[in-house]
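*Asks:* Right, I'll just put the structure down here and ask away after.
The values are calculated or read from the model by the stated rules, or taken from the named source; none is laboratory data. The shown structure was predicted, so the numbers you read here are calculated from the model rather than taken from an experiment. As a convention, Cβ positions derive from the backbone with ideal geometry for all residues, glycine included, and neighbour counts pool all protein chains shown. Note: areas computed on protein heavy atoms with side chains; ligands, DNA, RNA excluded. Shrake-Rupley method; radii C 1.70, N 1.55, O 1.52, S 1.80 Å.
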Amino acid sequence: MLSDNLKILLASTQSFAIKTQNFHWNVEGSNFPQYHAFFDTMYGDVSDTIDKIAEYIRILGHYTPGSLTRYSELSIIQDQTKIPRAELMFAESLQDCETMIQLAVTMFHEAANENQQGISNYMAELQDLYAKKAWFIRSILKKERE
Ligand SMILES: [Fe+2]
């Protein structure tokens, strides 16, 4: 059901935003200023999508989950309670971007099938957002290996 998937998307976005802020605060390394800034920008871009997703759930006539307990139940993004080293932070973030892309693609088709073109269009925007982040991260990881 589209509203159920929107709840999963909302919870996963909240989880990803929290993790990204954790990485922004705790990342270390010789490229610290760039890493710190990258995670800050990504945190902002991911957070900016939360309200729109939540309001789509309301537009479809359902209540929006709004508690940490519900988010941890619904999220498909793995929580990170530790402080990984920088390379692992980026590797994990890349995997999370790919998870978000898959969810956005699935929901793009689901929304279109239900004639929710606005939601479908927003899923395309989210796919683009996470694909661009994934490209940045892959480029950062490649540089680290040289
Ligand atoms: Fe900050």
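*Asks:* Pull out all pairs, ordered by first then second residue, where Cβ-Cβ is under 8 Å, the residues are six or more apart or on different chains, the first lies in segment 10-32 and is over 15 Å from residue 78 (Cα atoms) and open to solvent by 40 Å² or more (accessible area, probe 1.4 Å), and the second is part of a helix (DSSP H, G or I) and within 15 Å of the ligand (Cβ to nearest atom).
*Replies:* 29/35
Rundown of residues vs (1) under 23 Å from residue 47 (Cα atoms); (2) among the hydrophobic types (A, V, I, L, M, F, W, C); (3) in a helix (DSSP H, G or I); (4) touching a strand residue (DSSP E or B) at 6+ places or on another chain (Cβ under 6 Å), yes/no style:
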{"residue": "93", "(1), (2), (3), (4)": "yes, no, yes, no"}
{"residue": "101", "(1), (2), (3), (4)": "yes, yes, yes, no"}
{"residue": "105", "(1), (2), (3), (4)": "yes, yes, yes, no"}
{"residue": "108", "(1), (2), (3), (4)": "yes, yes, yes, no"}
{"residue": "115", "(1), (2), (3), (4)": "no, no, no, no"}
{"residue": "120", "(1), (2), (3), (4)": "yes, no, yes, no"}
{"residue": "125", "(1), (2), (3), (4)": "yes, no, yes, no"}
{"residue": "130", "(1), (2), (3), (4)": "yes, no, yes, no"}
{"residue": "133", "(1), (2), (3), (4)": "yes, no, yes, no"}
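*Asks:* Which residues, taken from segment 39-60, are more than 16 Å from the chain's Cα centre (by Cα) and touching a residue at least 40 places away in the same chain (Cβ under 8 Å)? It would help to see each step written out before you state the result.
*Replies:* Of the residues in segment 39-60, the ones more than 16 Å from the chain's Cα centre (by Cα) are 55-60.
Matches in segment 39-60: 56, 57, 60.
*Asks:* Out of (1) open to solvent by less than 80 Å² (accessible area, probe 1.4 Å); (2) under 23 Å from residue 4 (Cα atoms); (3) free of Cβ contacts under 8 Å to residues at least 12 places away in the same chain, the odd one out for residue 108 is which?
*Replies:* Going through the list (1) open to solvent by less than 80 Å² (accessible area, probe 1.4 Å); (2) under 23 Å from residue 4 (Cα atoms); (3) free of Cβ contacts under 8 Å to residues at least 12 places away in the same chain, residue 108 breaks only (3).
*Asks:* Got a sec? Which helices (runs of 4 or more DSSP H) wholly within segment 1-74 have at least 3 residues that are within 16 Å of the ligand (Cβ to nearest atom)? Reasoning before the result, please.
*Replies:* Details: elements: 2-26, 32-47, 50-59, 68-74.
Hits in segment 1-74: 2-26, 32-47.
*Asks:* Now a separate question. Quick test for you: out of 133, 142, pick the one residue that is surrounded by 16 or more Cβ atoms within 10 Å (Cβ to Cβ), over 17 Å from residue 11 (Cα atoms) and of a type in the set (Lys, Arg). Quick ask: steps written out before the conclusion?
*Replies:* Values: 142 fails: surrounded by 16 or more Cβ atoms within 10 Å (Cβ to Cβ).
The conditions single out 133.
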